[in-house]
Amino acid sequence: MSRGDKSSYTDKQKRQAEHIEESEKKEGRSEKDAERIAWATVNKQDGGGKKGGSKKSDD
């Protein structure tokens, strides 16, 4: 079962996590561990949920 709210992630991030999770399961990891590893990997790659457009400061 999922921990935390995943609604702030993009569809691409969700697909990436799903693919990573499946790969981890094939390696023999439990469902819980595979999901944890998948989302940790997505977070490490992208820094978390959705990112807005470019942010410029008005200096």
Task: Gln45-Glu27 pseudo-label distance in nm [points 7 Å out on the Cα-to-Cβ vector] - done: 1.3
Open item on the list: Apply the Karplus curve 6.51 cos²θ - 1.76 cosθ + 1.60, θ = phi - 60°, to the phi angles in the stretch 25-37 and return the couplings in whole Hz, x for Gly and Pro.
Closed with: 5, 5, 7, x, 6, 6, 4, 5, 5, 4, 5, 4, 5
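Here, each number is a calculation from the coordinates, and none is a lab measurement. Since this is a predicted model, take the numbers as computed values, not measurements. Glycine also receives a Cβ, built like all others from the backbone with ideal geometry; neighbour counts cover every protein chain displayed.
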